[in-house]
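Visitor: Quick one: this structure, given as structure tokens, is what I'll be asking you about.
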Amino acid sequence: MSRTHRWLVLASVGLVALSLAACSSSRKATTTNSTAPPTTGGAANPTTTAAPTVMFGTLPSPCGPGTAKGATDQGVTDTAIHIAYGDDRGFSGLPGLNKEMGDAVKAMIKWCDDQGGINGRQVVGDFYDAAITQVNTVMQQACKTDFMLVGEGWALDEAAEGTRVGCNLVATPGYAVGPDFDNGPMKYEAVPGPADYQVASIFYEAAKLWPDQVKKADFFHTTLASATESTFAKNTEEAAAAGWNLLNCGVKINYNGEPDYKPFAAKFQQCGVQLVYYNITPGPQLYGFLTAMDELGVHPIYVTEAADYTTPFAQWNTKGIADQTYTREAFQPIENADIVPAVKAYVDIVKADGGAVDQLGEQATSAFLLWATEAKACGSDLTRQCMVNHLAQVHSWTGGGLHATTDPGNNKPSDCGVIMKLTGTSWAQWYPKTRGQYDCDPRYLFHISNPANWGTTLGPDRLSTKFLSPNIIKPQTS
């Protein structure tokens, strides 16, 4: 997820869910069959002009009627294309987890089919609720039925990567979490978050905006090693390159909660910290810590990742305790829907279908559009090989303006960022000052130089070697 919201998901799961990764049972939900576009009676008027091109922001719609034919691959018939999508909404620990992703794909399928599908084939969405722990089971089901994975977001995707690669299920996910899926074969993410590259905009921007405070900075650690601590090694590289000085105050809370957060806040106070970077998601632990800092009169600048750009966090901040929170984004925020056509299109389409909207939904939407655009290009020859060939050549992608330009074909994120600021119960773009603009710099596309920090072994082609086999689908150049 770029790393956009990648830690939102895993941090939300917590240690208990991680320990249950091996458990699974069938969780496939009902298949969603979208209806064909309505027709009207009467003869066509030969003098009428062609209907205007349907747009999604700056992107001409890839959907529409056509004459594509043939059962060209698994899940493809003369009349339909079956795709797998889903989220973890059934997880008992956090009901509704990431449902915005499934809501977005479901709505986009309807939007597409109402225009005529892909070259005339209707898109049929097979929804899978992985409920965190059942990801391998739903992957096994998708392997038997579907053409591709599209826009899905499963927190423990790593647990199913061997299954996905084994059945050559090509993916355009909403996000990727595990390092082997981050850099997996046959995976093309609309906003990549590879194991060996990071978007470091927030570190360089902080050094420019708060040059004194970054000299007295530190990370806020938790015991959730697999979801938050593992990324701090990468962050340390980024912070050092940007000129930060980390005080190493030794603050680490139990992710499952503390009876009293004041001793931890006192450590930061005694250490003289003036800027704190964290990637813990909003919830009781973060709220308890921020409240303790406020009660002790410690008011540093808080620099965070996109996981914290959430409505619940804003709704909690009624007392302004978190008013010094500045969060990195690569997506156009929902608040910019009035000036960014792609965001308005996303919000309108999903709300019209009764779905919930947030940035995770934007990610799933961009993934669907990427898939649909290249599926259209394949025409009647809609095969996984054709999709891989086309997706590997996509080196400039914005989802019609939903986010900064990325390189899905080379699995590289953007070199741009936006800072969102929380003030009271509202988020707003804070930097750059002009809404809708990005701050871009080649330095922001940051290569993690230490392979030990990647979390997996990458080959010379930057693919994870863990599940590779001679049978994977590779791009063909001719």
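Any read-out appearing in this document is the output of simple, stated calculations on the displayed coordinates, not a laboratory observation. The shown structure was predicted, so the numbers you read here are calculated from the model rather than taken from an experiment. Cβ placement follows ideal geometry from the backbone for every residue including glycine, while neighbour counts extend to all protein chains displayed.
Visitor: Starting from the 7 Å offset along Cα-to-Cβ, what nm value, one decimal, do you get for the label separation of Val54 and Glu295?
Guide: A separation of 5.5 nm, rounded to one decimal place.
Visitor: Using 0.36 nm times the number of residues separating Thr477 and His395, minus their current alpha carbon distance, what extension gain do you get?
Guide: That pair, Thr477 and His395, stretches by 28.0 nm at full extension.
Visitor: Given a cut-off of 20 Å, name the pairs among Lys144/Lys187; Lys215/Lys262; Lys69/Lys376; Lys319/Lys351; Lys351/Lys376 whose C-alpha atoms lie farther apart than that in the structure shown.
Guide: Lys215/Lys262; Lys319/Lys351; Lys351/Lys376, as the Cα separations exceed 20 Å there.
Visitor: I'd like to know which of Thr365, Ala306, Ala345 lies farthest towards the positive end of the charge dipole of the chain, counting +1 on Cβ of Lys and Arg and -1 on Cβ of Asp and Glu.
Guide: Thr365
Visitor: Can you compute the modelled spin-label distance between Gln140 and Thr318, with each label point 7 Å from Cα toward Cβ, in nm?
Guide: 4.8 nm
Visitor: The range 375-478: which trypsin sites (Lys or Arg not before Pro) are DSSP loop and have at most 14 other beta-carbon atoms within 10 angstrom?
Guide: When the trypsin sites (Lys or Arg not before Pro) of the range 375-478 are filtered for loop state and at most 14 Cβ neighbours within 10 Å, Lys433 remain.
Visitor: Which value, in debye to the nearest 20, describes the size of the charge dipole of the range 264-417 about its Cα centre when Lys and Arg Cβ atoms bear +1, Asp and Glu Cβ atoms bear -1, and nothing else is charged?
Guide: 220 debye
Visitor: Taking the dipole about the Cα centre of the chain, with the C-beta of Lys and Arg at +1 and of Asp and Glu at -1, give me whichever of Gly57, Gly117, Leu382 is farthest to the positive side.
Guide: The one lying farthest along the dipole's positive direction is Leu382.
Visitor: Could you tell me the extents of the range 45-138's C-alpha atoms along the three principal axes, largest first, rounded to whole Å?
Guide: Result for the range 45-138: principal-axis Cα extents of 60, 32, 20 Å.
Visitor: How many angstrom separate the Cα center of the range 340-409 from the Cα center of the range 291-329?
Guide: 31 Å
Visitor: Once you wrap a convex hull around the alpha carbon atoms of the range 241-396, what is its projected area averaged over all directions, in nm²?
Guide: 13.8 nm²
Visitor: Related question: Counting DSSP beta bridges with both partners in the chain, what percentage is antiparallel, nearest 5?
Guide: Antiparallel bridges: around 50 percent, rounded to the nearest 5.
Visitor: With labels modelled as points extended 7 Å from the Cα through the Cβ direction, what inter-label distance (nm, one decimal) is found for Ala71 paired with Ser449?
Guide: Result: 5.6 nm between the two label points.
Visitor: Turning to a different aspect of this structure: Stick to the Cα atoms of the chain, pair each with every other, and give me the Kirkwood hydrodynamic radius in Å at one decimal.
Guide: 22.8 Å
Visitor: Now, a different point. Starting from the range 296-341, pick out the chymotrypsin sites (Phe, Trp or Tyr not before Pro) whose DSSP state is loop and whose Cβ has at most 12 other Cβ atoms within 10 Å.
Guide: Listed in order of number, the matching sites amount to none.
Visitor: A further question on this structure: When the helices in the chain are scored as -39500 (n - 2.57) per DSSP H run of 4 or longer and the sum is shared across all residues, what 222 nm value do you end up with, to the nearest 500 deg cm²/dmol?
Guide: The helix contribution divided over the chain gives -9000 deg cm²/dmol.
Visitor: Moving on. Given a Förster distance of 35 Å, report the FRET efficiency between Ala352 and Thr423 from their Cβ-Cβ distance, rounded to the nearest 0.05.
Guide: My answer for the efficiency is 0.70.
Visitor: With only alpha-carbon atoms counted, please give the Rg and Dmax of the range 349-478, in Å.
Guide: Calculated on Cα positions, Rg and Dmax stand at 18.3, 56 Å.
Visitor: Count the DSSP beta bridges whose two residues both fall in the range 65-133, then state the antiparallel fraction as a percent rounded to the nearest 5.
Guide: 25 percent
Visitor: Turning to a different aspect of this structure: In whole Å, what is the distance between the alpha-carbon centres of the range 447-478 and the range 89-117?
Guide: 30 Å
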